[in-house]
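Asks: Take this structure first; my questions come after.
The values are calculated or read from the model by the stated rules, or taken from the named source; none is laboratory data. Every value quoted in this text rests on a predicted model; they were computed, and no experiment measured them. Positions of Cβ are generated from backbone atoms using ideal geometry, with glycine treated the same way; all protein chains shown enter the neighbour counts.
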Amino acid sequence: MTAARLPRSFYARAAHEVAPDLLGQVLVRIFSDGSRASVRIVEVEAYGPDDPASHAFRGETPRNAVMFGPPGHLYVYFTYGMHHCMNVVTGKAAEGSAVLLRAAEPLEGGDGMVVRRGREGPFDLCSGPGRLAQALAIDRRDDGTDLVASEGLWLETASRTEPIAVGNRVGVHETSRHWRYWLEGSPFVSRGRPGPPTAKRRTLRARSMTP
């Protein structure tokens, strides 16, 4: 039985509400040759309106325009002159909010990920936002992809039983928003980032993923 895609209504909520619900969901990538890769999301970060750490904080630009579009689209940016990072657009149109996909567990298409990453260890393939994008060949050409309607990239519903850990976002000095979420105990979470000593850990009630 084919898993259902996450519907538009799933994304049309505040970033910090969508973020923990993305954990455990499956991101599917179909390549031009018809091959398939999929990963299970294990770590994310939320970026909302009036958030100094967000790309949207200073308003809309050609680079971040997708963040202000309808929810359920992919926002891809290039950083440090070497890495692409992908985000799921959330909230209302013109709001400017998104969730960064930080790390994932490889499920399908691992051989292709090894080639694209130049790494063989399974824990090195998708354990960081740049690594994840590279493993799935995500770049600026994918910016604006509609995850609800695309035939080549989407998120599927999946069950989750692990507790969720909550902490400060990586590299963000503002600490009032504990908007980094990861699956407790997952070896696929970005390494060297165990979360600050003050990180909160709790099990969050799973919301329905049914369209």
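Asks: Return a yes/no flag: does segment 55-78 have any residue that is within 21 Å of residue 168 (Cβ to Cβ), in contact with a Leu (Cβ under 6 Å, 6 or more places away or on another chain) and not basic (Lys, Arg).
Replies: For segment 55-78, residues within 21 Å of residue 168 (Cβ to Cβ), in contact with a Leu (Cβ under 6 Å, 6 or more places away or on another chain) and not basic (Lys, Arg): absent.
Asks: Checking the condition of a type in the set (D, E, K, R), surrounded by 21 or more Cβ atoms within 10 Å (Cβ to Cβ) and under 23 Å from residue 6 (Cβ atoms), which residue from 151, 105, 156, 162 passes?
Replies: None of the other options fit; the residue is 105.
Asks: I want to confirm something. Restricting to segment 150-160 and keeping residues that are part of a loop (DSSP other than H, G, I, E, B) and touching a residue at least 60 places away in the same chain (Cβ under 8 Å), which single residue is nearest to residue 23 (Cα to Cα)?
Replies: 160
Asks: Within segment 35-55, which residues are more than 17 Å from the chain's Cα centre (by Cα) and at pLDDT below 95?
Replies: Listed by number, the residues that qualify are 49, 50, 51, 52.
Asks: Next question. Please work out which one of (1) in a strand (DSSP E or B); (2) among the β-branched types (Val, Ile, Thr); (3) surrounded by 21 or more Cβ atoms within 10 Å (Cβ to Cβ) is the condition residue 18 fails and give its number.
Replies: Here residue 18 meets the rest and fails (1).
Asks: Quick check, is residue 165 in contact with a strand residue (DSSP E or B) (Cβ under 6 Å, 6 or more places away or on another chain), among the aliphatic types (A, V, I, L, M) and touching a residue at least 60 places away in the same chain (Cβ under 8 Å)?
Replies: Answer is no for this residue.
Asks: What about residue 94, is it touching a residue at least 24 places away in the same chain (Cβ under 8 Å), outside any strand (DSSP E or B), closer than 20 Å to residue 162 by Cα and among the small types (Gly, Ala, Ser)?
Replies: no
Asks: Taking segment 62-83 on its own, how many of its residues are touching a residue at least 24 places away in the same chain (Cβ under 8 Å), touching a Phe, Trp or Tyr at 6+ places or on another chain (Cβ under 8 Å) and not in a helix (DSSP H, G or I)?
Replies: Of the residues in segment 62-83, 3 are touching a residue at least 24 places away in the same chain (Cβ under 8 Å), touching a Phe, Trp or Tyr at 6+ places or on another chain (Cβ under 8 Å) and not in a helix (DSSP H, G or I).
Asks: Return only the number of the condition from (1) free of Cβ contacts under 8 Å to residues at least 12 places away in the same chain; (2) buried (at least 22 other Cβ atoms within 10 Å of the Cβ) that residue 118 does not satisfy.
Replies: The one condition residue 118 does not meet is (2).
Asks: Ok, one more. Which one of these does residue 115 not meet: (1) touching a strand residue (DSSP E or B) at 6+ places or on another chain (Cβ under 9 Å); (2) farther than 15 Å from residue 20 by Cα?
Replies: Going through (1) touching a strand residue (DSSP E or B) at 6+ places or on another chain (Cβ under 9 Å); (2) farther than 15 Å from residue 20 by Cα one by one, residue 115 breaks only (1).
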